[in-house]
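J.: After the structure tokens below, expect a handful of questions from me.
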Amino acid sequence: MTPDTQDIHDWQIKWNKLRREQLRAFQACLKSTEELLQQLSDPKDRLEAQMLLQFELHKRRSSYPNSVLDAMTQALKVLGTVGGGAERVPSWFIPPYEVVLGKFIAQGGFGAVYYGKWFDTDVVVKILKPQTPVKSTGKNPSPPTSNSGTSEEDTMALFRREADHWFMLNHQNVVHLYGACHVGTPFFVCEPAKSISLNSHVESLARARPGYNFEERGADPSDIMRCLLLAGIGLKYLHERGIVHCDLKGNNFMVGTDGKTIKLGDFGMSVLKRSGKGRHTAHANVGAVPWKAPEYLKGEDPTVMSDVYGFGMCILELFSGKFPWAGTLEVAVKFHVTKRKILPPRPKKLTNFQWSLIEHMCCYEANKRISLDAVVDMLHTFRFWK
């Protein structure tokens, strides 16, 4: 077992241990006041116990006899006198002991991702680690590194806002959130979708088509157009609800279990813009530099027009079959984008119409970029890509 796979194995053991400890802590809440306060001396532990007790009292009440319900109610009152009033249970709350982790998938921008089970439902579990890991660029996930750019309080506030907004989303081109847990080790529980780059997806579609020679012709433009259209519709849905994704790139689009539907995912650290709330300044670790708009690379808060720029880079990625600025160091990319104010070199495969669209989506000045509505309308028009 390699050191990297050992890290993942250890994390799964810790998760299972956490679930057992959650159950024991819950049982301890039904005992004496003295023992309760002794075991839950840490404010975080008290908050966790309060949340779990409230959840069981409100959601699982019929599962307990009256004597146990009385003990749970009393324990909740005791905890409230020590740490203040009990926090309301969010509508999206899922306790840790309801989720069983399965096979490790990958490390994302904010934690580890696993397949799992929520009761009898297949799910994907995205776990927020206390220390934010660096995104893996190789075959094995990178070990966690310390995260000094954002305080724990800021991270948790962002997590709750993320869950609040994501839970309200309901669209076939956006990954669906079943629920989340914000106490203990926070995690998201969402629908299973295949995490695959759009380039790989359109290649697999082309190779599966009888008589189509991928080596000579590359990906089928009609497949590319369809994927981009579905991705654009999902992004438009987010923007209409005040959400800026701010991390668009080809491998942040998922393929549904039907193998056809494109879903926008990886909301781990997206910026939420709703009624002026949800702003953050986590620009220290920008990540995915080749897709980022110049204003974001300069440290400004991203907007919907920053997403338009990122989506333009996704179009460039799909039609060229390569990452934007492929083979260029990130420091050089930042210089070209923010100082020279230029786009990546035009790939030979792109038609004049395709390149013109990218130019209009990726203007240096955000207010000069074409709107996402106009982009989606163009993607609807098949003749645009002929």
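The values are calculated or read from the model by the stated rules, or taken from the named source; none is laboratory data. For clarity, every value in this text was computed on a predicted model and none was experimentally measured. Positions of Cβ are backbone-derived with ideal geometry, glycine not excepted, and every protein chain shown enters the neighbour counts.
J.: Does ASP307 fit the bill of being in contact with a strand residue (DSSP E or B) (Cβ under 9 Å, 6 or more places away or on another chain), part of a helix (DSSP H, G or I) and surrounded by 15 or more Cβ atoms within 10 Å (Cβ to Cβ)?
T.: Yes: the conditions hold for ASP307.
J.: Restricting the search to the range 362-378, which residues are assigned to a helix (DSSP H, G or I) and exposed (fewer than 15 other Cβ atoms within 10 Å of the Cβ)?
T.: We begin by selecting, within the range 362-378, every residue assigned to a helix (DSSP H, G or I); these are 366-368, 372-378.
Selection gives ASN367, LYS368, ASP373, ALA374, ASP377.
J.: Residues in the range 212-269 that are assigned to a helix (DSSP H, G or I) and either farther than 17 Å from LEU379 by Cβ or assigned by TED's automatic domain parsing to the domain that holds MET156 (or both): how many?
T.: Looking only at that region, the number is 6.
J.: Scanning the range 108-143 for residues that are over 16 Å from the mean Cα position of the chain (by Cα) and either among the polar types (S, T, N, Q) or under 25 Å from ASP154 (Cα atoms) (or both), which turns out modelled with the highest pLDDT?
T.: The selected residue is THR121.
J.: Looking at SER91 and the list (1) assigned to a helix (DSSP H, G or I); (2) polar (S, T, N, Q); (3) modelled with pLDDT of 70 or more, which single condition is not satisfied?
T.: Condition (1) is where SER91 drops out.
J.: Another question, if that's okay. How do the pairs read when you match residues in the range 55-84 that are under 23 Å from CYS181 (Cα atoms) with residues anywhere that are assigned to a loop (DSSP other than H, G, I, E, B) and not small (Gly, Ala, Ser), using Cβ under 6 Å and keeping only pairs 6 or more apart or on different chains?
T.: Final answer for the pair search is PHE55/VAL89; PHE55/PRO95; ALA75/CYS29.
J.: Which residue, of ASP45, ASP10, ASP70, is assigned to a helix (DSSP H, G or I), out of contact with any Lys or Arg (no Cβ under 8 Å at 6 or more places or on another chain), at pLDDT 80 or above and surrounded by fewer than 16 Cβ atoms within 10 Å (Cβ to Cβ)?
T.: Result of the check over ASP45, ASP10, ASP70: ASP70.
J.: A further question on this structure: Of the residues that make up the range 333-341, is at least one closer than 23 Å to HIS201 by Cα, in contact with a Lys or Arg (Cβ under 8 Å, 6 or more places away or on another chain) and β-branched (Val, Ile, Thr)? Spell out how you get there, then give the answer.
T.: Keep residues of the range 333-341 that are closer than 23 Å to HIS201 by Cα, which gives none.
No, every residue in the range 333-341 fails to be closer than 23 Å to HIS201 by Cα, in contact with a Lys or Arg (Cβ under 8 Å, 6 or more places away or on another chain) and β-branched (Val, Ile, Thr).
J.: Looking only at the range 49-65, decide whether some residue is at pLDDT below 65 and closer than 23 Å to PHE187 by Cβ.
T.: no
Conditions (1) on the phi > 0 side of the Ramachandran plot; (2) polar (S, T, N, Q); (3) at pLDDT 95 or above, marked per residue:
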position	(1), (2), (3)
ASP164	no, no, no
HIS171	no, no, yes
VAL175	no, no, no
THR185	no, yes, no
VAL189	no, no, yes
LYS194	no, no, no
SER197	no, yes, no
SER200	no, yes, no
SER204	no, yes, no
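J.: Then there is this: Only one of these conditions is not met by THR150: (1) over 30 Å from ASP45 (Cβ atoms); (2) of a type in the set (Ser, Thr, Tyr); (3) at pLDDT below 80; (4) out of contact with any helix residue (DSSP H, G or I) (no Cβ under 7 Å at 6 or more places or on another chain). Which number is it?
T.: Of everything listed in (1) over 30 Å from ASP45 (Cβ atoms); (2) of a type in the set (Ser, Thr, Tyr); (3) at pLDDT below 80; (4) out of contact with any helix residue (DSSP H, G or I) (no Cβ under 7 Å at 6 or more places or on another chain), THR150 misses just condition (1).
J.: Another question about this same structure. LYS341 is checked against (1) surrounded by 12 or more Cβ atoms within 10 Å (Cβ to Cβ); (2) in contact (Cβ under 8 Å) with a residue 12 or more places away in the chain; (3) over 28 Å from the mean Cα position of the chain (by Cα) and fails just one. What number does that condition carry?
T.: (1)
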